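Every number here is computed from the coordinates shown, using simple stated rules; none is lab data. Everything numeric in this text was worked out from a predicted model, so none of it was measured. Here the Cβ positions follow ideal geometry from the backbone for every residue, glycine too, while neighbour counts run over all protein chains shown.
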Amino acid sequence: MKFGIIVFPGSNCDRDAYRVLRNLRQSVCYLWHKETDLKGVDCVILPGGFSYGDYLRTGAIARFSPIMNEVIAFAGKGGLVLGICNGFQVLCEAGLLPGVLMRNAGLKFVCETVGLKVENPETRFTRRYAGVKTIRMPVAHGDGNYFADEKTLKRLEGEGRVVFRYAANPNGSRHDIAGIVNENGNVLGLMPHPERCSERILGNEDGRRLFESIIS
């Protein structure tokens, strides 16, 4: 399987994702934000970081990078897209996922390992979590407070599109939401970092199953 990792000015988790996928013996390439060719990848990853320095709104400038038109078209054809942390913010700004990520409720940067409930183990991103109720993943963000109106939240809950939920909410997200998928189930955005907990040497491999789910 071939993965493409988009690099924006300010991305800082692109190499982490690259390492995990190479360890899983996958084909991986970097995609610069000014490119307009996805190079035939099967899955696009928008990594964490601070795209364009978060100078306007997290993900708001990155959404207008040339490559995002290709990502939107790719997702519209059913292509797999994964947005992690800042990548989740970009996906929301681009309209590929509903809602918005706002400043943390405590107005402080949160950097810790949190417990997550696996709410839907039947997506293409979570099938390897079948039978697993809770996992642990690190978070590192200042704008991870997921917000959507009541109608949208009701729809997300009713359609099983809340994939991960915080066991103890670190940022004020509505309904303790940590990750959601789009209506077709081919786009996932989550604030926690699975790439930072995918190797035994790091003391936690709970994130590895997410990448294995995509590959499988």
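Brief remarks on what is shown
Residue by residue, here is whether (1) over 23 Å from Asn186 (Cβ atoms); (2) surrounded by fewer than 17 Cβ atoms within 10 Å (Cβ to Cβ); (3) free of Cβ contacts under 8 Å to residues at least 40 places away in the same chain holds:
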{"position": "Gly99", "(1), (2), (3)": "no, no, no"}
{"position": "Met102", "(1), (2), (3)": "yes, no, no"}
{"position": "Ala105", "(1), (2), (3)": "yes, yes, no"}
{"position": "Val114", "(1), (2), (3)": "yes, no, no"}
{"position": "Val118", "(1), (2), (3)": "no, no, no"}
{"position": "Pro121", "(1), (2), (3)": "no, no, yes"}
{"position": "Ala130", "(1), (2), (3)": "no, yes, yes"}
{"position": "Lys133", "(1), (2), (3)": "yes, yes, yes"}
{"position": "His141", "(1), (2), (3)": "yes, no, no"}
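- Residue that is farthest from Asn86 (Cα to Cα), among those in the stretch 4-18 that are out of contact with any Leu (no Cβ under 7 Å at 6 or more places or on another chain) and crowded, with 24+ Cβ neighbours inside 10 Å: Ala17
- Any strands (runs of 3 or more DSSP E) falling wholly within the stretch 115-194 and containing at least 2 residues that are closer than 29 Å to Ala73 by Cβ: 145-147, 162-166, 177-181, 187-190
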